[in-house]
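This report refers to the structure that appears directly beneath it.
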Amino acid sequence: MTKNFSHKQPYPLGAHLEGGGVRFSFVSRAESCGILLYDRQTGRLSEKIPFAREDRIGNVYCRAIGDIDTKARTYLFYEDECLVPDIRGRVFPKRVPYGKERTAEDMKAGFLAEGFDWEEDCFPRIPYHLSIAYCLHVRGFTKHASSGVEHKGTFAGIMEKIPYLKEIGITTLELQPAYEFTEIPLKEECLRKNPQNLIYAMAAGETDRPAVKKLNYWGYKKGYYYAPKAAYAASDDAAGEFRELVKALHRNGMELVMQFYFPKEIKNSEILDILCFWVLEYHVDGFHLLGEDLPMDMLAGDDVLADTKLWYYGFNTDNIYEWNEHPKYPHLAEYNDAWYIDMRKFLKGDGNMLGAVLYHMRHIPQKAGAIHYLSNYFGFTLADLVSYDYKHNEANGEENRDGSDYNCSWNCGDEGATRRRSIRALRLKQMKNAMCLILLSQSTPLIFMGDEFGNSQKGNNNPYCQDNTVTWLDWRGIERYAGLHAFWKMLVGFRQRNPILRPEKELRLMDTLCCGYPDMSYHGKYAWRPETEGYYRHAGIMLCGKYAPASKDADGDFLYIAMNMHWENRSLALPKLPKGMKWELAFSTEPESLRKEDADEQSDTLLRQVPPRSIAMYVAKDAGKN
């Protein structure tokens, strides 16, 4: 028989170990409610403990109970005749196969084990200008048979892929929701709680009852925010496996950022508690927060989260910092679609985009970072961006009405898969162009899993319910697109070697060092004279390496990015270099077999013909060396 102890203490909510017992706090407006204790091994009910009137403070019932063997017990709350899982549960021990419908009894909560050995784990705290981020779905990343890992679709599977992630230059992993959520609503929810929030595929002519409930593969819904998702674990200990993943990433100098979706019903104070919990209990490095009207000023100013990365649509840094205050470790970062939309338009050759593109490629907020991406979990993958004009979401069962119609994509002349070599070659070049835009821009680059080797979702731009090969990453793409994969790794290496491509602060387009060259400058057909009118789709960008930390590995003191998204050749002028230096081509997205080195030597410039829909990088070399 359990024993009550101590006085009432409503916070924190949920169930917490305290003084040799457990303190339970439960929010309820029901006439009758309480705690149900179960034997963890057999699942049988061992004790029912009703809350009494004197246990109530406001809408919170709280009771501390001693003599509970937390290793042998699980629990649920109840309201009247209904079972209620603890939404603040730390562990949900019962292993239910992914995608299987669960009952409330399947959601019995356990107690988080103490004493995990973090060894000498520490937070990497990688600054934004040194970060390259990679967004992935835990299950989809390694579930495909081609992944080659032992523990497919799990946190352990990600651990097995850490060497690969390091090979392609990734510093920061962003996980789609990896806290506990029900892929299919609980049966009790279907009958009682909030059927208006369920997603059903209605059978034809059967409007009186739901037919097939769709899988919520992504997890953007109200969740059990304090527990790692059990179905994403290869072992029976999801919490321990998640901690091992974080520890392994940190040991390799990498970070973990988690996505959290909060609907409006989640209170601001609860959001803060959740984030602090994951930092303290799981050593998480950051959060990408999703939801409307979240308390970002409060979160950004919290002392516990002061060096935890926080990503959101935007921040009002004037409210967060004093006018002359500059954060020692900028941890906030804008994560919005402005870069994504404008760069997609530029890539496919739209007019009136050049000014916006040049701005995006240099922009870094004054007191925060910025995350830029050309594809993400939503919308087309990079390969589909250059293969489809229209979304193809028929498999979602909504008659292709779901998902955005605004994709800013171009199929390069044929919709979907094609055998035409010219189109396939153009698509490959366009993907390389996209990689250049991502890695040669000066804020923090992010790619979605598999974009580095041309992974496709078959034109589905909203695969929220697809737990199959549409969303499972097909690792055979590394061989199919070996050239693209190698190009990505080459670009990452080039970015890492040249600090001027990743400055800490936005470049000023001025010669502040009085060295004869500004930190960044723009050029057109004539040096120092950019052409940004609406009908231009080409520009040259010169970067002076003297404005970046010295690097013995830098490819040159000057870099020149020649971009031409027009469908015809265009001329760009490369400015005259200091005496004894010359321009050399470092790489180009134009195939070497088609490249023409047409050059017009002039007294003060070198005029280059830039092939259509291509990007090239020139570096300054010693003229006396071959």
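The values are calculated or read from the model by the stated rules, or taken from the named source; none is laboratory data. What you see is a predicted model, and the numbers here were worked out from it, not measured in a lab. Reconstructed Cβ throughout: ideal geometry from the backbone, glycine too, with neighbour counts over all protein chains shown.
Residue by residue, here is whether (1) over 18 Å from T142 (Cα atoms); (2) touching a residue at least 12 places away in the same chain (Cβ under 8 Å); (3) among the β-branched types (V, I, T); (4) crowded, with 24+ Cβ neighbours inside 10 Å holds:
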{"residue": "R401", "(1), (2), (3), (4)": "yes, no, no, no"}
{"residue": "Q442", "(1), (2), (3), (4)": "yes, yes, no, yes"}
{"residue": "G450", "(1), (2), (3), (4)": "no, yes, no, yes"}
{"residue": "N462", "(1), (2), (3), (4)": "yes, yes, no, no"}
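Could you tell me which residue of the stretch 197-239 is modelled with the highest pLDDT, considering only residues that are touching a Leu at 6+ places or on another chain (Cβ under 8 Å) and in a loop (DSSP other than H, G, I, E, B)?
For the stretch 197-239, the residue satisfying everything is Y220.
Would you be able to say whether some residue in the stretch 333-341 is outside the structural domain of R529 (by TED's automatic domain parsing), polar (S, T, N, Q) and in contact (Cβ under 8 Å) with a residue 40 or more places away in the chain? No: the stretch 333-341 contains no residue that is outside the structural domain of R529 (by TED's automatic domain parsing), polar (S, T, N, Q) and in contact (Cβ under 8 Å) with a residue 40 or more places away in the chain.
If the condition is being part of a helix (DSSP H, G or I), surrounded by fewer than 21 Cβ atoms within 10 Å (Cβ to Cβ) and among the aliphatic types (A, V, I, L, M), then the stretch 240-270 contributes only A248. In the stretch 607-618, the condition of being farther than 27 Å from I423 by Cβ, assigned by TED's automatic domain parsing to the domain that holds G524, in a strand (DSSP E or B) and at pLDDT 95 or above is met by at least one residue.
Look through the stretch 101-140, keep the residues that are among the aromatic types (F, W, Y) and more than 28 Å from Q442 (Cβ to Cβ), and return whichever of them is nearest to the chain's Cα centre (by Cα).
Here the answer is W118.
Among I168, I158, I162, I126, which is the only one that is over 26 Å from A548 (Cα atoms), surrounded by fewer than 22 Cβ atoms within 10 Å (Cβ to Cβ) and β-branched (V, I, T)?
After ruling out the rest, the residue left standing is I162.
When the strands (runs of 3 or more DSSP E) confined to the stretch 15-64 are screened for residues that are more than 40 Å from the chain's Cα centre (by Cα), closer than 16 Å to Y78 by Cβ and at pLDDT 95 or above, those reaching at least 3 such residues are found at 45-50. The set of residues in the stretch 41-85 being more than 17 Å from G21 (Cβ to Cβ), among the basic types (K, R) and surrounded by 11 or more Cβ atoms within 10 Å (Cβ to Cβ) consists of R56 alone.
Restricting to the stretch 1-13, give me the number of residues that are in a strand (DSSP E or B) and either at pLDDT 95 or above or among the charged types (D, E, K, R) (or both). Here the count works out to 1. Search the stretch 261-286 for residues being among the aliphatic types (A, V, I, L, M) and within 16 Å of L249 (Cα to Cα), and hand back the single one that is farthest from the chain's Cα centre (by Cα). The residue in question is V279. The single residue among N468, N498 that is within 23 Å of the chain's Cα centre (by Cα) and either more than 20 Å from Y164 (Cα to Cα) or at pLDDT 95 or above (or both) turns out to be N468. The residue that is surrounded by the most Cβ atoms within 10 Å (Cβ to Cβ), among those in the stretch 494-504 that are assigned to a loop (DSSP other than H, G, I, E, B) and not basic (K, R), is N498. Give the residues of the stretch 73-97 that are in a loop (DSSP other than H, G, I, E, B) and either modelled with pLDDT of 95 or more or within 17 Å of F26 (Cα to Cα) (or both), sorted by residue number. Within the stretch 73-97, D80, E81, P85, D86, I87, R88, G89, R90, F92 qualify.
Could you please find all residues in the stretch 475-488 being assigned to a loop (DSSP other than H, G, I, E, B) and surrounded by fewer than 19 Cβ atoms within 10 Å (Cβ to Cβ)?
In the first step, residues of the stretch 475-488 are kept if they are assigned to a loop (DSSP other than H, G, I, E, B); the result is 475-476, 481.
The one that is assigned to a loop (DSSP other than H, G, I, E, B) and surrounded by fewer than 19 Cβ atoms within 10 Å (Cβ to Cβ): R476.
With the requirement that a residue be over 30 Å from Q366 (Cβ atoms) and assigned to a helix (DSSP H, G or I), what does the stretch 99-147 give you? Within the stretch 99-147, A104, E105, D106, M107, V138, R139, G140, F141, T142, A145, S146, S147 qualify. Give me the pairs, please: first residue somewhere in the stretch 264-287 and among the β-branched types (V, I, T), second residue anywhere and assigned to a helix (DSSP H, G or I), beta-carbon distance under 6 Å, and either six or more positions apart or on two chains. Listed pairs, sorted by first residue: V284/W278. Filtered by the rule that a residue be over 17 Å from D384 (Cβ atoms) and touching a Leu at 6+ places or on another chain (Cβ under 7 Å), the stretch 484-493 gives L491, V492. L491 satisfies every condition listed in (1) of a type outside the set (K, R); (2) assigned by TED's automatic domain parsing to the domain that holds G355; (3) part of a loop (DSSP other than H, G, I, E, B) except (3). Taking strands (runs of 3 or more DSSP E) as the structural unit, those lying wholly within the stretch 505-590 and holding at least 2 residues that are closer than 21 Å to R613 by Cα and more than 33 Å from the chain's Cα centre (by Cα) correspond to 570-575, 581-588.
Out of the residues in the stretch 14-31 that are aliphatic (A, V, I, L, M) and buried (at least 18 other Cβ atoms within 10 Å of the Cβ), which is nearest to K71 (Cα to Cα)? Among those residues, the one meeting the criterion is V22. Inspect the stretch 514-521 for any residue being at pLDDT 95 or above, among the acidic types (D, E) and not assigned by TED's automatic domain parsing to the domain that holds E398 and give the result as yes or no. Among the residues of the stretch 514-521, at least one is at pLDDT 95 or above, among the acidic types (D, E) and not assigned by TED's automatic domain parsing to the domain that holds E398, which makes the answer yes.
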